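The values are calculated or read from the model by the stated rules, or taken from the named source; none is laboratory data. Here the structure is a predicted model, which means the values were calculated and not measured. Here Cβ is always computed from backbone atoms with ideal geometry, including for glycine, and neighbour counts include all displayed protein chains. Ligands, DNA and RNA are excluded from the accessible area calculation, which covers all protein heavy atoms including side chains. Shrake-Rupley method; radii C 1.70, N 1.55, O 1.52, S 1.80 Å.
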Amino acid sequence: MKKMVLGAAALATLLAVYFAPEDEGGVVGPAGATTRPRAPTPAPTLALAVAPAAGVRLHIAPRNDDTDLGNVFAKQSWAPETPKKIMLDQAAAAPAGAKSAPAAAGAPPLPFQFLGRFIDEGKTAYFLQADGRNLVARVGEKIDDNYSLDSDSGEALSFTYLPLKQTQSLVVGEIH
């Protein structure tokens, strides 16, 4: 029975090849290929606020060039941008001749995101994330030479930006 099925399949293949339409010799290009150049269009920018208390934004911009189209190994990232990266992008986007306004004399937005907490022998440790790094902080400790964790008030963590001695809060919701 197997030999009959295989023989019938081979015969059907040979008949399909014999009766197939003649090849016209044309080469089919990629879908959507055009012969005239396209005018560049400005890239729309989508800014999505993620955790506004932490000042983190996610920036997704479509590509305008066709060089990386179809390249599955092109550099791609869904990581949120850091405040430093956002400020550098804004400075680069400003016209070269325009003078930027003087920076406000204030602390930058908190770079931390609250991940959770852990209580061990009555001491609470807070898990934070800053610039893609995971940190463990306790009340009274210094973080990255610029911040110190001062207190927790149940719904927020209080930080001090050490260079300017300014207090900032990170709302974390109700902590039980």
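Worth pointing out:
- Computed accessible area, S153, all protein chains, 1.4 angstrom probe, square angstrom: 90
- Amide proton proximity set for E141, modelled H, under 5 Å, gap of 5+: L149
- Descending principal axes extents, segment 113-176, alpha-carbon based, whole Å: 32, 23, 21
- Computed E for I119/T167 - FRET, C-beta separation, R0 22 angstrom, nearest 0.05: 0.35
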